[in-house]
Amino acid sequence: MADTATTGVAAAQTKEPLIRVEGLHKSFGSLEVLKGIDLAVNPGEVVTIIGASGSGKSTLLRCLNLLETPDTGHIWFHGQDLTAERCNINKLREDIGMVFQGFNLFNNMDVLDNCTLAPVTLKKMSKAEAEKIAMEHLTSVGLEKFAHAAVGRLSGGQKQRVAIARALCMNPQIMLFDEPTSALDPEIVGEVLEVMRKLAADGMTMVVVTHEMAFARTVSDRVVFMDKGVVLEDAAPVELFGNPKHQRTREFLSRYLEDK
Ligand SMILES: Nc1ncnc2c1ncn2[C@@H]1O[C@H](COP(=O)(O)OP(=O)(O)OP(=O)(O)O)[C@@H](O)[C@H]1O
Ligand SMILES: [Mg+2]
């Protein structure tokens with residue numbers, strides 16, 4: 001979290017946000033999904049994004065690493081404008097780790113090969129060095145004994161922890177999570193959240209789309225509530241959950257808490 005930041009040191013020294021989004025718009029055909037998003041994420045911060053289905057959370061996250069191309073507006077990462085034509089997308093993706101709901105692992109490879117593929121092919125790391133780093137990250141997510149297991153034999157929670165370890169192997173400056181626990185059985189959600197909690201405590205900058213309100217409340221520095229393509233509220237968890245400013249936020253929270 002903010003106090004224990006160990007990543008994005010250069011940005012911290014200049015007091016620049018690691019990511020700054022300004023006036024971001026994105027439409028799919030005639031459907032305007034993002035309607036002018038402003039957002040800043042400081043080094044070491046954990047920002048959670050909550051909101052109803054279809055409010056544009058995933059689209060915003062995918063714009064941050066250019067999996068979607070913004071229509072208008074700017075995204076600054078370390079002071080570099082990602083929407084500028086000469087932005088190096090491949091380098092950017094090395095610096096921004098992403099974890100998806102559906103794991104997106106290579107099922108025909110073992111755990112270790114999943115983790116070493118990108119460092120070896122993109123960063124030109126030696127296999128031995130990549131394996132050493134991968135074992136460190138697999139150990140940190142509690143899966144060192146599964147290094148040579150086939151991905152297909154793992155549980156959902158184990159797969160998601162491999163996906164997190166794999167992303168960490170690229171030594172990212174920020175980690176984006178899109179509903180990382182939504183596809184998991186309730187009893188194994190906790191093991192993934194625990195890994196994320198540890199990552200946050202170690203100072204990783206994180207943007208997390210989630211419906212896990214307890215996680216949002218206890219781990220985030222800020223919670224962003226998105227509604228129909230806009231950021232309606234952006235506040236500390238104690239404020240957003242304890243004293244929401246907008247009727248829509250109150251409705252969302254009460255509906256959500258009723259469902260639980
Ligand atoms: N590639 C696409 N092409 C067309 N429409 C899209 C595309 N991606 C998203 N949409 C639409 O944009 C809207 C917002 O989608 P998005 O996935 O960002 O919402 P979300 O807040 O992540 O929702 P959920 O909580 O269900 O994941 C939805 O109406 C969705 O159908
Ligand atoms: Mg989504």
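Could you check, for region 78-92, whether at least one of its residues is within 16 Å of ligand 1 (Cβ to nearest atom) and either open to solvent by 30 Å² or more (accessible area, probe 1.4 Å) or assigned to a loop (DSSP other than H, G, I, E, B) (or both)?
No; the residues of region 78-92 include none that is within 16 Å of ligand 1 (Cβ to nearest atom) and either open to solvent by 30 Å² or more (accessible area, probe 1.4 Å) or assigned to a loop (DSSP other than H, G, I, E, B) (or both).
If I filter region 39-58 down to residues being open to solvent by 20 Å² or more (accessible area, probe 1.4 Å) and out of contact with any Pro (no Cβ under 9 Å at 6 or more places or on another chain), which single residue comes out as nearest to ligand 2 (Cβ to nearest atom)?
The extreme case among them is S58.
So which pairs qualify, if the first residue must be in region 54-69 and more than 15 Å from Q101 (Cα to Cα) and of a type in the set (S, T, Y), the second must be in a loop (DSSP other than H, G, I, E, B) and more than 7 Å from ligand 1 (Cβ to nearest atom), the Cβ gap must be under 9 Å, and the two must be at least 6 apart or on different chains?
Close Cβ pairs satisfying both conditions: S55/K228; S55/G229; T69/T83.
When you scan region 39-53, do you find a residue that is within 13 Å of ligand 1 (Cβ to nearest atom), without any contact (Cβ under 8 Å) to a residue 40 or more places away in the chain and more than 12 Å from the chain's Cα centre (by Cα), even just one?
yes
Any idea how many residues of region 194-209 are free of Cβ contacts under 8 Å to residues at least 24 places away in the same chain and in contact with a helix residue (DSSP H, G or I) (Cβ under 7 Å, 6 or more places away or on another chain)?
Qualifying residue count for the region: 1.
So which strands (runs of 3 or more DSSP E) stay within region 154-260 end to end and still have 2 or more residues that are open to solvent by 40 Å² or more (accessible area, probe 1.4 Å) and either over 28 Å from L31 (Cα atoms) or away from ligand 2 (no atom under 16 Å from the Cβ) (or both)?
Counting at least 2 such residues, we get 230-235.
Among L24, L67, L34, which is the only one that is within 16 Å of ligand 1 (Cβ to nearest atom), at pLDDT below 95 and farther than 22 Å from A200 by Cα?
Exactly one residue qualifies, and that residue is L67.
The values are calculated or read from the model by the stated rules, or taken from the named source; none is laboratory data. Worth saying up front: this structure is predicted, and the values here are computed from it rather than measured. Positions of Cβ are backbone-derived with ideal geometry, glycine not excepted, and every protein chain shown enters the neighbour counts. When the accessible area is computed, the model is the full protein with side chains, heavy atoms only, and any ligands, DNA or RNA have been set aside. Shrake-Rupley method; radii C 1.70, N 1.55, O 1.52, S 1.80 Å.
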